[in-house]
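Worksheet: the structure to be examined is printed underneath.
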Amino acid sequence: MSSRNRRTANAEDMFPGMPDILGKKPPKATENSWAARTLDEAIARSYELLDHAIVQFSTGNATGTRKKWIADPDMPIPRHPREPQKVQVSVPINYGPRELAGIFGLYSGGRDSVNTMHLLRKYMKDRPLFRHFFQGIAHVNTGTAVAETTQHVREAVPAWGVKLHELSPKVTYLDLVLGNVRATVGPNIGRSVWLGFPGPGKLPHNVMYRRLKDEPLQRLRASLVGRDGTRRKVMYVGGMRWDESDKRFRTAEEIDVDGGIVWVSPVVHWTNAHMREYRARYRCEKAHRHQPHRLCGDEALPVNPVTENLHMSGDCACGAYAKKDEKEERRFFYPDHAADIDLWEKTVRDAGIAANVWGQAPPKGFVQAGAEQPASVMERLCTNCKPPIPGQDDLIDQWRDTGLISPEQHAAFTRPAA
């Protein structure tokens, strides 16, 4: 949480050109990253971060160590003549010159994602020396998105003159929920990895994230790096920020290496006030007929209407951590999307699966986890689907208070299920 921004709906105390800083230092922040900055200074820091990451993983040699047994004459004489007189030491290894196989921006269609991709595009224009690394923008189509978000991404990215890589998971969300996705390795081979709609909890969200979002990105990485991830890397540039959520405050890093992937978060130090000021600076607000997605000029910041209506990107609807009445919130603006969820629920009910209500915890005693107990993964692409921050108003309450819906509609949306 920033010192001036308390996550209030209206931040009238924010003025362009003022410096902002988080209220306390994030655990993984360096002294250089955690400082009060104006927006222009925050942008400059983002450029420095990208410069450093690209140079670090595209120059010099990749080195490491391995364990080796060597003879040690100073060791006592072995008690048995066949017992080796050796000691284990670390030996340096040179894997050869580092290579950056490609840089990809990660675009969900959400507000932070829009800002980050806009910044990355500007950066690549300003850094011709590094431009050949840039392969375009990747979007993971989970198959559960609000259709308008998918359409926004498909139109906005090419309108920028940037190549779009639309990635899809190997399995469908409905197949996961119906138990049709089976383990292919290990002692539980052939058993379902999951069953029923995921409810709140780390494991269900972990399974959905790994299968629907992480797997396509890992496949893209493998297609470029193969098994040479020590020496060659793919760089994914995303919009993780310390000021997003309590979890991000604890876990986000500027540069995070994970095997053959380098995750770079160039706006990790930006506060919510910085993000708002950036949107105000580049979003077209002229009194004229706007171009699609408000791309009224080369510098214009795109607008995804789904984020304006749902306050989230709408790129995933796995239902893990869904808010109370979230399906009805979605139905209010996007009835076709809610109808898809209704159809999923009917399909799961017809299959005789007890965990058949989207966005709700399964019945007590129902076992969902099957053959797969995946190791915890850093959910770098999911934030807004998490439970609301304590003290944050519910979206339906905001609609009522601003007159978007009537008190009667509010009561209908929040009426407990029969």
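Each residue of segment 182-190 was assigned a 3J(HN,Hα) from its phi angle through the Karplus curve 6.51 cos²θ - 1.76 cosθ + 1.60 (θ = phi - 60°); the sequence is 10, 5, 10, 9, x, x, 9, 4, x Hz, with glycine and proline shown as x.
Site pair residue 151 and residue 189 shows an inter-label distance of 4.6 nm when each label is modelled 7 Å from Cα along Cα→Cβ.
In segment 162-222, the ratio of gyration radius to Kirkwood radius, Rg to Rh, stands at 1.02 when only Cα atoms are counted.
Using the average count of surrounding beta-carbon atoms within 10 Å as a protection proxy, the listed peptides 286-297, 249-260, 17-28 rank, highest first, as 249-260, 17-28, 286-297.
Taking the centroid of alpha carbons for each part, segment 277-346 and segment 156-193 are 23 Å apart. Under the simplified labelling scheme, the residue 228-residue 129 pair shows an inter-label distance of 2.4 nm, with each label point 7 Å from Cα along Cα→Cβ. By the rule of a C-alpha distance below 19 Å, with chain neighbours fewer than 8 residues away ignored, the lysines paired with residue 327 are 346, 386. Note on residue 343/residue 89: beta-carbon distance plugged into 1/(1 + (r/R0)^6) with R0 of 60 Å gives a FRET efficiency of 0.45. Arranged from fewest to most other beta-carbon atoms within 10 Å of their beta carbon, 130, 197 become 130, 197.
Where a number appears in this text, it was derived from the coordinates with a stated rule and is not lab data. Only a predicted model underlies this, so the values are computations on that prediction, with no experimental measurement involved. Reconstructed Cβ throughout: ideal geometry from the backbone, glycine too, with neighbour counts over all protein chains shown.
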